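Enquirer: The structure is given below, and queries will be raised subsequently.
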Amino acid sequence: MSGDNALKTRILHLLELLTVNFWMIPLLFLVMATILSFVNIYLDRMLFSGWGEILPFPFYFKDADNFHSLLSLTASAMLGVTGVAFSITIASLTLASQQFGPRLLRNFMKTQFNQVVMGFFIGTFLYCVLLLQFSSTLEEINLTPVISLTTLLGLIITEVHQELSERLEALFPETLETSEHLPAAALQSQEHERFETQGDVVRVQQAGYLQAIDVTGLRDYVTEQDMALKLAVRPGDFLMQNCGLGWCLNQDALDEAKQAAINSYLIVGNTRTAEQDAEYAVRQLVEIAVRAMSPGINDPFTAITCIDRLGNALAFLLNRQFPAEQYFDENARLRLQLKPFTFSGIMAAAFNQIRQNTAFHVAVIISLLETLRSLAAQARTPEQQSAIRKQADAIHVACQDEIKARADLEDIKACYQAVYRFLPVPSNSQ
């Protein structure tokens, strides 16, 4: 019994030593990346050797230049991000050591978040480097590295999808069931048309991308000044110098000081950020899908993976209450009207560009319709149903002139009709 206790004590001591070692988790990622690279190459040799000649249409992987370029680009990107992350981590640990003493460093070293992030970056970098050694011999050994490169693309897509999920969770925390306390937008104000007809135009004073809005501060300011403000822009929009960003209802003239004060509550920068932009991470996945369908790559499988992830994000939004777009004072007077994000707008951002680039990709078209069918089965509001119907109709119309094979058209029609089985008939069609 004492021997068992001693062994347990030693194991616990070893675990404690490992948890305070900053490089333990990154080391595990490096080992996994090494094993994964050799296992994938072995599987490619066993399963896909010579397939590029038999089924060339999906296998842009067989082109050594394409393979080499993608690996080099990904490895360079991962190395750059790793350097930044490592520098920030070391700077934080240095400041902690100076401010709180070196003995407290173990508390910071035990934080696993930084270790996992660092491990993912350097693990992906090592995976790319190990695969690069095979890129020059692909054509000589007639090898098509499908599994190896699909794994790399999967790592990238998974990371982007994780950011998308976290961002949507933060921006849309209210479920439809728990948001009954939120007022209905249609009943909140009768002043919508007054802004454009009677209000003063508020001008942009700094060009760039609108990254965030200090909603609380802006609401308090316009309330204090006895004004009502309607914004025509939202985070993610590009603001051009001196263009209108909204309208203000004010008893007095809207002077330069008030214009500057309103602009001060807008955070403008040179690039888009995901801070308050619900479409930012969506467009990242869309970009991967569109590039995958380009003639130079022609990889519908990656595009389908992106569609699956986008569909999952949209399914999450089906059960979420979108943030309030109107804010009132204590006397129930409208003070601030924001330009809202909508389900139909986010769906358009997710599917429009993919649909517009899928003319000859039957598999991608079917994937889009199957995703819409799943969303239609869960849709709960007329807006959601209308957005799904609009996308399904556009996909069905777009492929009619481009796809010639009758069997493909019949498959697409069957998927299109499956979407409508979950949607009510529009009132104008009755």
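Read the figures in this text as sums done on the coordinates, not as results from a lab. Just so it is clear, the structure is predicted and the values come from calculations on it, not from any experiment. Don't worry about glycine lacking a Cβ; one is built from the backbone with ideal geometry, like all the others, and counts go over all protein chains shown.
Enquirer: Per q in 0.14, 0.17, 0.21 1/Å, what log10 I(q)/I(0) does a Debye calculation on the alpha-carbon atoms of region 262-418 return?
Expert: -0.76, -1.01, -1.36
Enquirer: Oh, and also: Using alpha-carbon pairs under 8 Å, 6+ residues apart, how would you state the relative contact order of region 352-425 in percent? Working shown, then result.
Expert: Details: 61 pairs, mean separation 34.2, N = 74.
46 percent.
Enquirer: Now for a separate question. Would you pull out the residues with amide H under 5 Å of VAL202's amide H, same chain only if 5 or more places away, H placed 1.01 Å from N?
Expert: LEU245, GLY246, TRP247, CYS248
Enquirer: Give the calculated FRET efficiency between ILE35 and PHE301 to the nearest 0.05, with a Förster radius of 22 Å applied to their Cβ-Cβ distance.
Expert: 0.40
Enquirer: Averaging over all projection directions, find the projected area of the Cα convex hull of region 258-324 and quote it in nm² with one decimal place.
Expert: Taking the Cα atoms of region 258-324, their convex hull projects to 6.9 nm² on average.
Enquirer: Rg (Å, one decimal) plus Dmax (Å, integer) for the alpha carbons of region 208-350?
Expert: In order Rg, Dmax, the Cα atoms of region 208-350 give 18.8, 61 Å.
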